[in-house]
Amino acid sequence: MIKIYHNNRCGKSRSALQLLDTSGKEYEIIKYLEDIPTQSELKGIIKLLGISPIELVRKNEAIWKSEFKGKTLTDEELIKTMIAHPKLIERPIVINGNQAVIGRPTERILKII
């Protein structure tokens, strides 16, 4: 089943939900700000996306700018930081089987559904 890591306050995330609705495919919504991924889950998502942890960080978030910008963090430290501050996780993330994309732009989701 398709999974979407979703933040309802995000326009791109809402657009991704609309795209999934119109696709007619079943999907599961994971509100990652409430149901925060574990370290293991986040590592798995990063692996599926084929990116490094820093590429999943929202660097324009206030918490990043005030607490972490300019610091050199290891991959493990970045993952722990995203778990401690889930607002820092880029969104939306859509996973279908062993494929995943960050839905920015939303059309990227079409490649895996």
Which cross-chain or sequence-distant (5 or more) residues have an amide H under 5 Å from the amide H of GLY103, H modelled 1.01 Å from N in plane?
ILE93, VAL94
Tilt of helix 11-23 relative to the longest C-alpha principal axis of the chain, in degrees (0 to 90, nearest 10)?
30
Crossing angle, helix 75-84 versus the chain [Cα axis fit, 0-90 degrees, rounded to tens]
70
Which loop GluC sites (Glu not before Pro) in the stretch 6-83, with loop taken from DSSP, have no more than 10 other Cβ atoms within 10 angstrom of their Cβ?
GLU26, GLU34
Inter-part gap, Cα centre of the stretch 11-48 to Cα centre of the stretch 57-95, in whole angstrom, is 17
Is there a pair in LYS25/LYS71; LYS25/LYS65; LYS12/LYS47; LYS25/LYS80; LYS31/LYS111; LYS69/LYS111 whose C-alpha atoms are over 31 Å apart, and which pairs would that be?
LYS25/LYS71; LYS25/LYS65; LYS25/LYS80; LYS69/LYS111
Calculate one ³J(HN,Hα) per residue across the stretch 32-38 by plugging θ = phi - 60° into the Karplus curve 6.51 cos²θ - 1.76 cosθ + 1.60, and present them in order as whole Hz with x for glycine and proline.
5, 6, 9, 9, 5, x, 6
DSSP-loop trypsin sites (Lys or Arg not before Pro) across the stretch 40-113, with at most 16 other Cβ within 10 angstrom:
ARG58, LYS59, LYS69, LYS71
If amide H atoms are modeled at 1.01 Å from N in the peptide plane, then the residues at a separation of 5 or more from ILE2, or on another chain, having amide H under 5 Å from its own are GLU28
Mind checking the angle between helix 39-49 and the chain's longest principal axis? C-alpha axes, 0 to 90 degrees, to the nearest 10.
60
Counting all C-alpha pairs of the stretch 2-111, share separated by more than 22 Å (%)
29
The chain, relative contact order [Cα under 8 Å, separation at least 6], %:
36
Less than 13 Å Cβ to Cβ from ILE2, Lys/Arg counted +1 and Asp/Glu -1: what total charge do the surrounding residues give?
0
Under a GNM of the chain (C-alpha, springs under 10 Å), which listed residue has the highest mean-square fluctuation: ALA16, ALA62, ALA100?
ALA62
DSSP bridge pairs, the chain: antiparallel proportion in percent, nearest 5
65
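No value in this document is a laboratory result; all are computed from the given coordinates. None of these values were measured; they are calculated from a predicted model. Neighbour counts are summed over all protein chains in view; Cβ atoms, including those assigned to glycine, are modelled from backbone coordinates with ideal geometry.
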